[in-house]
1. Going by what's in this entry, would Ile169 be described as β-branched (Val, Ile, Thr), in a helix (DSSP H, G or I) and either surrounded by fewer than 19 Cβ atoms within 10 Å (Cβ to Cβ) or over 20 Å from the mean Cα position of the chain (by Cα) (or both)?
2. Being closer than 16 Å to Ala164 by Cβ and modelled with pLDDT of 95 or more narrows it down to one of Val31, Val64, Val24, so name that one.
3. From the list Asp189, Asp141, which one is open to solvent by 10 Å² or more (accessible area, probe 1.4 Å), part of a helix (DSSP H, G or I) and out of contact with any Asp or Glu (no Cβ under 6 Å at 6 or more places or on another chain)?
4. Within the range 470-488, which residues are touching a helix residue (DSSP H, G or I) at 6+ places or on another chain (Cβ under 8 Å), more than 21 Å from Phe435 (Cα to Cα) and open to solvent by 10 Å² or more (accessible area, probe 1.4 Å)?
5. Please count how many residues of the range 244-280 are over 20 Å from Ser387 (Cβ atoms), touching a strand residue (DSSP E or B) at 6+ places or on another chain (Cβ under 7 Å) and of a type outside the set (Val, Ile, Thr).
6. Sort through Ala72, Ala93 and tell me the only one that's touching a residue at least 40 places away in the same chain (Cβ under 8 Å) and either more than 26 Å from Glu157 (Cβ to Cβ) or surrounded by fewer than 20 Cβ atoms within 10 Å (Cβ to Cβ) (or both).
Amino acid sequence: MTLALPPIVSASTADLASSGFDAVIAVYPTVSQELLSVFSSLNAFTAVDKDFGSSLAVVPDKNVAGGRLILAPTGPTNGDTDDVRKFEEITKAAMKRALAAGAVAPLFYFPSKVEGDSEDYSHYVEVSILGALAACFDPIDVREHYEKIGKKHYTVEKIGVVVAEGAEISVERVAFVNAVEVGRRVAKDLGSPNCERMTPIKFAEYVESYFKTKSCIKLTVIEDIDVLQKEYPLLHAVARCSLSVPRHFPRVVKLEYKSEEPSKVKENLYFVGKGVTYDTGGADIKAGGIMRGMSRDKCGAATVAGFMATLAELKPKHVNVTAMLSLVRNSVGSNAYVSDEVLYSRAGLRVLVGNTDAEGRMVMTDPLCECKERVLEDRKAGVHIPSRLFTVATLTGHAIRAYGNYGICLDNGPARKANISPRIQAGGNILGDPFEISTLRREDYACVAPGSAGEDVVQANDKASSASARGHQYPMAFMAIASGINNFGLDKKKEEQIAYTHIDIAGSAEEPHGVGFSLPEVTGNPVPAFAATFLL
């Protein structure tokens, strides 16, 4: 399991011609006099081409490291819709170009101060490095293939950084970037591979293997089927059909981080990640080609595990974090759960199943209920640190239809009062992992309300979420009711309320498009947004 990152080296302008690097990548909005004064060889080009330097290009220059100067323009950064992603996009492309040219030790140079909102671009160097690192990583299935065929894995030896006006990138900033990238790599390792390489069992094994050396993380894997049925009955119902295939057996993984200095803890965070390693839709089978890509339905759990990997690197003192990974395969067959079944949740609520393809909310609800129970236990013991609960999932096609390739946050009342979604949106903005904020409304609760004395809550309708009004909002209402969290809203005393935020990453977990007929690349988002929000 090789997740080693190339060293990030803070350099100076003197290193632009250093033999310690083999390419210089200049990152800038537009060609400036400052850029031309540093790289005088460019003057000959700009003299005959007014558009020179406006697109990615490799320029031979004997006066720079390796004789390679790679121009990486972001374009303007001060427009209404410009944001820091311009830096990640161009540095990723430039890094790929540098690798194609044969470079293994590129030096990134930022010659001018960024024009635009200072807060939005406050971490543009970190975002740029993350773009470069994304270009030189292959997920575990690719690395295993290279090992199988005896192919030498192409590696980057180091990445240098020269920041404008002589400012150095501090050791702390480098450590933060490294931690975020480690988390993204764990998320990509878990989220990218096909459904047989990363079954629930193999997913859990990867997590066990990775965290066994992280002494600050307590790990528990629940694999006993009887225990799963008792403790997580809705999850078990989804997994029921897979029980005829031993390699597809479900797992629940718990990861717990406790601050070394309890007196400094400001928040207790609880994350539940959807880890459906393959989603056939179940009895309500995905037909007409829409099953394609459902090996990526585990990216919620993958990114939660990735965030815990980032946490393990940084070891913050101001938070305690618990993560629960719901790992199942939604198979189809004679033992599949079906619409019209009524199932009891962990909270004792009767759930009327409306659509077996709405399995994500099913597998997260009982672990969410357990997190709620943990909060109540702490309060009973006299611990009243603010607690925040989250569900993280590639949950609905409606999320993509509504907001495209952006993550979405929804708060319940207490979370809204605590500004949780705005915090995540702000954190995502500075690290190039943007979020949209959606709103939980009374209509979302109304549509899942019981219609008879035989049920307490309705799981879904019989349509795809993308064909349903408020298709990405009402699932949160279902989870709030079925887990019992709805009983701890704004109508209770403040000290009794529980903040709950649902995060749908169906749009942001992958790049917008793949190559040809291939699957898109997994992004590792929202690890950066979570890190910026809760760990900076």
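The values are calculated or read from the model by the stated rules, or taken from the named source; none is laboratory data. Nothing here was measured: the structure is a model prediction, and the numbers come from that model. Cβ placement follows ideal geometry from the backbone for every residue including glycine, while neighbour counts extend to all protein chains displayed. Remember, those area values only see protein heavy atoms, side chains included, never the ligands or the DNA or RNA. Shrake-Rupley method; radii C 1.70, N 1.55, O 1.52, S 1.80 Å.
1. Details: β-branched (Val, Ile, Thr): yes; in a helix (DSSP H, G or I): no; either surrounded by fewer than 19 Cβ atoms within 10 Å (Cβ to Cβ) or over 20 Å from the mean Cα position of the chain (by Cα) (or both): yes.
For Ile169, the condition - β-branched (Val, Ile, Thr), in a helix (DSSP H, G or I) and either surrounded by fewer than 19 Cβ atoms within 10 Å (Cβ to Cβ) or over 20 Å from the mean Cα position of the chain (by Cα) (or both) - is not met.
2. Details: Val31 fails: modelled with pLDDT of 95 or more; Val64 fails: closer than 16 Å to Ala164 by Cβ.
Step by step, each of Val31, Val64, Val24 is checked, and only Val24 is closer than 16 Å to Ala164 by Cβ and modelled with pLDDT of 95 or more.
3. Values: Asp189 fails: open to solvent by 10 Å² or more (accessible area, probe 1.4 Å).
The conditions single out Asp141.
4. Ile481, Asn486, Phe488
5. Residues that pass the stated criteria total 7.
6. Working: Ala72 fails: either more than 26 Å from Glu157 (Cβ to Cβ) or surrounded by fewer than 20 Cβ atoms within 10 Å (Cβ to Cβ) (or both).
None of the others qualify; the one that does is Ala93.
Here is a yes/no grid of residues against (1) within 29 Å of Asn461 (Cα to Cα); (2) in contact with a Lys or Arg (Cβ under 6 Å, 6 or more places away or on another chain); (3) hydroxyl-bearing (Ser, Thr, Tyr):
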{"position": "Ser242", "(1), (2), (3)": "yes, yes, yes"}
{"position": "Tyr270", "(1), (2), (3)": "yes, no, yes"}
{"position": "Thr303", "(1), (2), (3)": "yes, no, yes"}
{"position": "Met308", "(1), (2), (3)": "no, no, no"}
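Yes or no, residue by residue, for (1) within 30 Å of Ala287 (Cα to Cα); (2) over 14 Å from the mean Cα position of the chain (by Cα):
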| position | (1), (2) |
| --- | --- |
| Ser452 | no, yes |
| Val457 | yes, yes |
| Ala464 | yes, yes |
| Ala480 | yes, yes |
| Glu496 | no, yes |
| Ser508 | yes, no |
| Pro528 | no, no |
